[in-house]
Number of protein chains: 2
Amino acid sequence: MKNGIEKIADKISKDGYKNIFFIASGGSWVVSQTFEYYWKQHSSIPVFNEIAAEYVLSNNKQVTRDSIVILQSKSGDTTETVKAAQMLKEKNIRTIGIVRKGDSPLANSVTYPIVENVVNLDGSDPENVAMIFLLFRLLYNQNEFAQYDKLVKSLENLPQALVSVRKQADKFAEDFSNNFYQEEYQMWVGGGSLTGKTYSFAMCVLEEMLWIKTKSIHTAEFFHGSFEVLDEDTCCVLVKGEDVTRSIGERVEKFMEKIGSKKFSVIDTKDYKLEGIDDDFREIFGQMIVTGVVDRISVYLERDRDHSLDTRRYYRVMDY
Amino acid sequence: MKNGIEKIADKISKDGYKNIFFIASGGSWVVSQTFEYYWKQHSSIPVFNEIAAEYVLSNNKQVTRDSIVILQSKSGDTTETVKAAQMLKEKNIRTIGIVRKGDSPLANSVTYPIVENVVNLDGSDPENVAMIFLLFRLLYNQNEFAQYDKLVKSLENLPQALVSVRKQADKFAEDFSNNFYQEEYQMWVGGGSLTGKTYSFAMCVLEEMLWIKTKSIHTAEFFHGSFEVLDEDTCCVLVKGEDVTRSIGERVEKFMEKIGSKKFSVIDTKDYKLEGIDDDFREIFGQMIVTGVVDRISVYLERDRDHSLDTRRYYRVMDY
């Protein structure tokens, strides 16, 4: 995969581009947030993030023939994302499609399809590796990321590191579920590079798979309203990362301790060892640490709530 | 106010700029979303939106001496927003501060302070008028909005139109409260130019002032997870606008009818007359229509819940 993606990135760098877009839906959309966050702080090339359903109806003037658009869909058949790819094709705008199924409508509609092989969900097939190769190669090519070779080395060790994160998280996750599995409303607070991950776990797992009501809120926005619904008996979870915005999360933590919350938990990426990964990249892989922890939480919530993660009320059950 | 703002806009246009930023916190941050949405579809100049607390810790590479940064704070003393303004000043980056208090830290830290006179909250002192003069004058100057003079005429009629919206909404709002005032969890769904307004009413009023738990979710994201928590007895409110993304809201509405929800309500801007306002601008003023409707809802929720909108558990009650 690495060589293929590097070829794509090198071709794009050679041809040039003026901005970069992420366009997708739901979990596949928001997974880009962590990379958008990093990119904004390291690149002079603007990055944008658009929801596919909205993009196809709107006329975003920044999307031009000088743009690169990255579209993601695990199944490769998310309607709005495929439609966006087709519209972009008609406009002769370069697109990259990251999918898990090669022969899929999205892969067949983009300039550069990338098929990611994510089968095992125990960490041994890390998600987002294609995106990392792609984006950091682009940054490297434009002299905005000197450590590319070191990053590639770390990526080799990523599968075993992420399998280990799940093991390290297991007891915490079981305790978490034990304490909170009956909480039918949970506020999840996360910011910086973990804003998207916090949002997507709340929406795509707690809400979609477990039918638990949630509010996900940015750490910096927490104090601008949402915190007023909390009392000591309302469940609240802070997702704390290792980027420059860590202090905002710490403020949330201090507040929750001050009000004497009995139902407060912290997922801190700092608590988890990433063996074989250079410390410089912990910020980049923070989202994957959180994925490891919440994957274990999901498993125990599934057990303790006696509610299969595969049960849906509506999705692929009825037409809407 | 108009002439002063036009002078600022004309000076900025003359001096030139490469991108435009909105930086603020909470309600004052998210109020910009509706304008960001419009701008993206009409301007070739990129627009970005950053939370102040995050901006001051990060190093957003797009913020340069060629940027224009608009900061908003009603009180003019929101800590992180003031800090952002001061950092920008040190970097010699041009800033515009929109406040309601002239002699305030924010007004004193920006290149161009604008004091908005919003006293009456019955619609007769419309919010965001300064922002509208500013942004649409800039668009006009760069040949991206020909109707500026027509817009100015409509703005003259805006106060009476918005007072009227509140009258038109009154019965709906009383019924809404009557039906839903006991709902301790409400999902609010809104997209396009109303994404920010939906988010901010849920957070800054329902959560902060009324201690009602909410989830606010984008219409296009609704189907990617959140909708699975809904059954026929879970309260859900759709905010439906008149921009190009209206069909996404209609899909939510159809779905809610299909599942036979007994606790579903729609706030549709189309239901409200804006007397004296050119139809071309309904999209621009849609957010203000929603403000009118939800202002009335707040009043009845305050009465029916017997819970003053001024009561706080934490904000300005304790240090955090």
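The values are calculated or read from the model by the stated rules, or taken from the named source; none is laboratory data. What you see is a predicted model; the values in this text were computed from it and never measured. Heads up, the Cβs are rebuilt from the backbone with ideal geometry, glycines too, and the neighbour counts pull from every protein chain shown.
Quick notes on this structure:
- Number of positions in segment B:228-279 that are away from every other protein chain (no Cβ under 14 Å), polar (S, T, N, Q) and in a loop (DSSP other than H, G, I, E, B): 0
- For segment B:212-226, residues that are in a helix (DSSP H, G or I) and either in contact with a strand residue (DSSP E or B) (Cβ under 6 Å, 6 or more places away or on another chain) or more than 9 Å from every other protein chain (Cβ to nearest Cβ) (or both) total 4.
- Qualifying residue in segment B:25-37 (condition: more than 7 Å from chain A (Cβ to nearest Cβ), more than 18 Å from B:Y199 (Cα to Cα), surrounded by fewer than 24 Cβ atoms within 10 Å (Cβ to Cβ) and of a type outside the set (G, A, S)): no
- Number of the exception - B:D233 against (1) modelled with pLDDT of 95 or more; (2) surrounded by fewer than 23 Cβ atoms within 10 Å (Cβ to Cβ); (3) in contact with an Asp or Glu (Cβ under 9 Å, 6 or more places away or on another chain): (3)
- Residue check for A:F172: part of a helix (DSSP H, G or I), within 30 Å of B:E50 (Cα to Cα) and not aliphatic (A, V, I, L, M): no
- Failed criterion for B:K89 (all others in (1) more than 12 Å from every other protein chain (Cβ to nearest Cβ); (2) within 23 Å of the chain's Cα centre (by Cα); (3) of a type in the set (K, R) hold): (2)
- Restricting segment A:64-80 to residues that are under 21 Å from the mean Cα position of the chain (by Cα) and within 11 Å of chain B (Cβ to nearest Cβ), the residue that is farthest from A:L138 (Cα to Cα) is A:T79.
- Residues being within 16 Å of B:H224 (Cβ to Cβ) and either modelled with pLDDT of 95 or more or among the β-branched types (V, I, T) (or both) - total across segment A:310-320: 4
- The conditions of being in contact with a Leu (Cβ under 6 Å, 6 or more places away or on another chain), within 29 Å of B:P159 (Cα to Cα) and of a type outside the set (K, R) are met by B:T245.
- Condition check for A:Y181 on (1) under 18 Å from the mean Cα position of the chain (by Cα); (2) crowded, with 18+ Cβ neighbours inside 10 Å: one failure, at (1).
- Scan of segment B:270-287 for residues that are closer than 13 Å to B:Q168 by Cβ and not basic (K, R), ordered by number: B:D271, B:Y272, B:L274, B:E275
- B:Y37 meets the conditions (1) without any contact (Cβ under 8 Å) to a residue 60 or more places away in the chain; (2) closer than 22 Å to A:K18 by Cβ in every case but one. The failed one is (1).
- Some residue of segment B:117-127 being closer than 29 Å to B:S58 by Cβ, crowded, with 23+ Cβ neighbours inside 10 Å and in contact with a Ser or Thr (Cβ under 8 Å, 6 or more places away or on another chain): no
- The test for being touching a strand residue (DSSP E or B) at 6+ places or on another chain (Cβ under 8 Å), within 14 Å of chain A (Cβ to nearest Cβ) and assigned to a helix (DSSP H, G or I) does not hold for B:E283.
- A:F22, sole failed condition from (1) surrounded by fewer than 20 Cβ atoms within 10 Å (Cβ to Cβ); (2) within 17 Å of the chain's Cα centre (by Cα): (1)
- Any hit, segment B:309-319, residues being within 14 Å of another protein chain (Cβ to nearest Cβ), in contact with an Asp or Glu (Cβ under 8 Å, 6 or more places away or on another chain) and free of Cβ contacts under 8 Å to residues at least 12 places away in the same chain: yes
- Only one entry of B:V239, B:V266, B:V244, B:V299 meets the criterion of being touching a residue at least 12 places away in the same chain (Cβ under 8 Å) and surrounded by 23 or more Cβ atoms within 10 Å (Cβ to Cβ), and that entry is B:V239.
- Residues that are of a type in the set (S, T, N, Q) and either in contact with a Pro (Cβ under 9 Å, 6 or more places away or on another chain) or more than 8 Å from chain A (Cβ to nearest Cβ) (or both) within segment B:38-57 comprise just one, B:N49.
- Residue check for A:S75: crowded, with 22+ Cβ neighbours inside 10 Å and at pLDDT below 95: no
- Segment A:191-211 - residue that is more than 7 Å from every other protein chain (Cβ to nearest Cβ) and part of a loop (DSSP other than H, G, I, E, B) and, of those, surrounded by the most Cβ atoms within 10 Å (Cβ to Cβ): A:L210
- Among residues that are surrounded by fewer than 15 Cβ atoms within 10 Å (Cβ to Cβ) and either at pLDDT 95 or above or among the hydroxyl-bearing types (S, T, Y) (or both), A:R282 is not included.
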